[in-house]
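Participant: Could you have a look at this structure, given as structure tokens, before my questions?
Laboratory data are not the source of any read-out in this text; all were calculated from the coordinates shown. Computed from a prediction, not measured in an experiment: that's the story for all the values here. Please note: Cβ atoms are built from the backbone with ideal geometry, for glycine as well, and neighbour counts cover all protein chains shown.
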Amino acid sequence: MVILGIDTSCDDTSIALLRDGKEVLSNVVSSQVELHSLFGGVVPEIASRKHVELVDVIYRRALSEAGLSLDQIDCLACTNGPGLIGSLLVGLMFAKGLSLSRNKPMVAVNHVEAHAMSIFLEQEPEFPFIALIVSGGHTLLLHFQEPCKYRLIGSTKDDAAGEAFDKIAKFLGLGYPGGGIVEEQARSGDPGFIAFPRPMADENNYDFSFSGLKTAFVNVVKNQGVTDETRPHLLAAFQEAACDVLCRKTMKAARDLGLERIVVGGGVAANGRLRALFLERAAEKGVKVFFPSASLCADNAAMVAVTGHFYAVRNLFSSETVRGFSRMKRS
């Protein structure tokens, strides 16, 4: 079975071809980072207009790289949320057009579910498991009971973790996106330089909050100032606090639900300190942690295609009336 995956959930236009749930024939991603860096963050209207400009170009490139035609595609899989609604609709309408014009079945894919399922492109964790999806737009915990069956058990009350990284980088004038910049500068810093708060870390739930941590960082810089010497230490301390909260909440969820497997996905899952902390604590608790490779942590259509594959082989297809949605709600 060959699946064509489409993702336009934020500011990356991506289309991929996947055979039999494992073989990535192509995975083309066009990033808008340079465009949005001029504004210090993603501008939704600009993002959606760029998707309109690029989606057909990326589609043709993906088919060409895979050496396939649309007639050889068995099923379409497209992100329909959560994300920027204008961006989502570009990909969703494109997928619907292909589906209706060639009578191809389609699967509407949840973007955060796809981040978790991206692990199956490289590894095969057994169900059930806890999935932490952490990025610039999302920070949440999912409990996967089996393929295509999961529930949202925790989410951020304010900023996503990656958003907090971006905001402190912008505050310091370091550029956008901030996650990689903060991680790079924090490598030479002392994470114990200052004890930043761990918001909601000890509360008896699986929710997160990062606005208070961000505010604490800003207040320290405003009150004490920052120099080239202290900047790496401040960033290391901020990163340590954020990663600590993510680990503690996820490990709590796994413990409470009696699960021994954790999947971590999303852009922030590429952070080296987060990976190291998870592996260290998982070893102490006898839990196994799975991370996708760094290239699959960022938004891409291969993760959408593999998620679509799990639905398609179970004949769980979407209707042509399926809609996009911007936020994920608890069931």
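Participant: Can you give me the angle between helix 272-285 and the longest principal axis of the chain, using Cα atoms only, in degrees from 0 to 90, rounded to the nearest 10?
Facilitator: 80
Participant: Can you work out ³J(HN,Hα) from phi for every residue in the range 55-60, in order, using Karplus 6.51 cos²θ - 1.76 cosθ + 1.60 and θ = phi - 60°, giving whole Hz and x for Gly and Pro?
Facilitator: Once θ is set to phi - 60°, the couplings for the range 55-60 become 4, 5, 5, 5, 4, 5 Hz.
Participant: Hey, can you rank 22-34, 107-119, 151-163 by average C-beta count inside 10 Å, highest first?
Facilitator: The densest-packed peptide leads the list: 107-119, 151-163, 22-34.
Participant: Can you give the Kirkwood hydrodynamic radius of the chain from its Cα pairs, in Å with one decimal?
Facilitator: Radius from the Kirkwood sum: 20.2 Å.
Participant: Could you bin all the Cα-Cα distances of the range 192-248 into 5 Å bins starting at 0 and give me the percent of pairs in each, rounded to whole numbers?
Facilitator: 4, 20, 29, 23, 13, 7, 3, 1
Participant: How long is the gain from Ser64 to Gln224 if the chain were fully straight, where each residue apart is worth 0.36 nm and the alpha carbon distance is subtracted?
Facilitator: Separation in residues times 0.36 nm, less the Cα-Cα distance, equals 52.0 nm.
Participant: Using all alpha carbons of the range 125-291, what is the percent of pairwise distances in each 10 Å bin, ordered from the shortest bin to the longest?
Facilitator: Pairs per bin, as whole percents: 11, 42, 33, 13, 2, 0.
Participant: Once phi is turned into ³J(HN,Hα) by the Karplus curve 6.51 cos²θ - 1.76 cosθ + 1.60 with θ = phi - 60°, what whole-Hz value does each residue of the range 102-111 show in order, with x for glycine and proline?
Facilitator: Working through the residues one at a time gives 10, 6, 9, x, 9, 10, 7, 10, 6, 4 Hz.
Participant: While we're on this one: To the nearest 0.05, how large is the calculated FRET efficiency for Ser31 and Gln72 if R₀ is 30 Å and r is the Cβ-Cβ distance?
Facilitator: Here the calculated transfer efficiency is 0.60.
Participant: Further question: Give me the log10 of I(q) over I(0) for the range 127-221 at q = 0.10, 0.13, 0.17, 0.25 Å⁻¹, as the Debye formula computes it from C-alpha points; what are the numbers?
Facilitator: -0.33, -0.53, -0.83, -1.31
Participant: Let me know the charge dipole size of the chain about its Cα centre in debye, to the nearest 20, where only the beta-carbon of Lys, Arg (+1) and Asp, Glu (-1) is charged.
Facilitator: About 660 debye.
Participant: Now for a different question. Any aspartates and glutamates with Cα under 16 Å of the Lys149 Cα? List them, leaving off those in the same chain fewer than 8 positions away.
Facilitator: Counting by Cα, and skipping residues close in sequence, Lys149 has these aspartates and glutamates nearby: Glu113, Glu126.
Participant: Let me ask something additional. Mind checking the dipole of the range 125-291: about its Cα centre, +1 per Lys or Arg Cβ, -1 per Asp or Glu Cβ, Debye to the nearest 20?
Facilitator: Value, rounded to 20: 220 debye.
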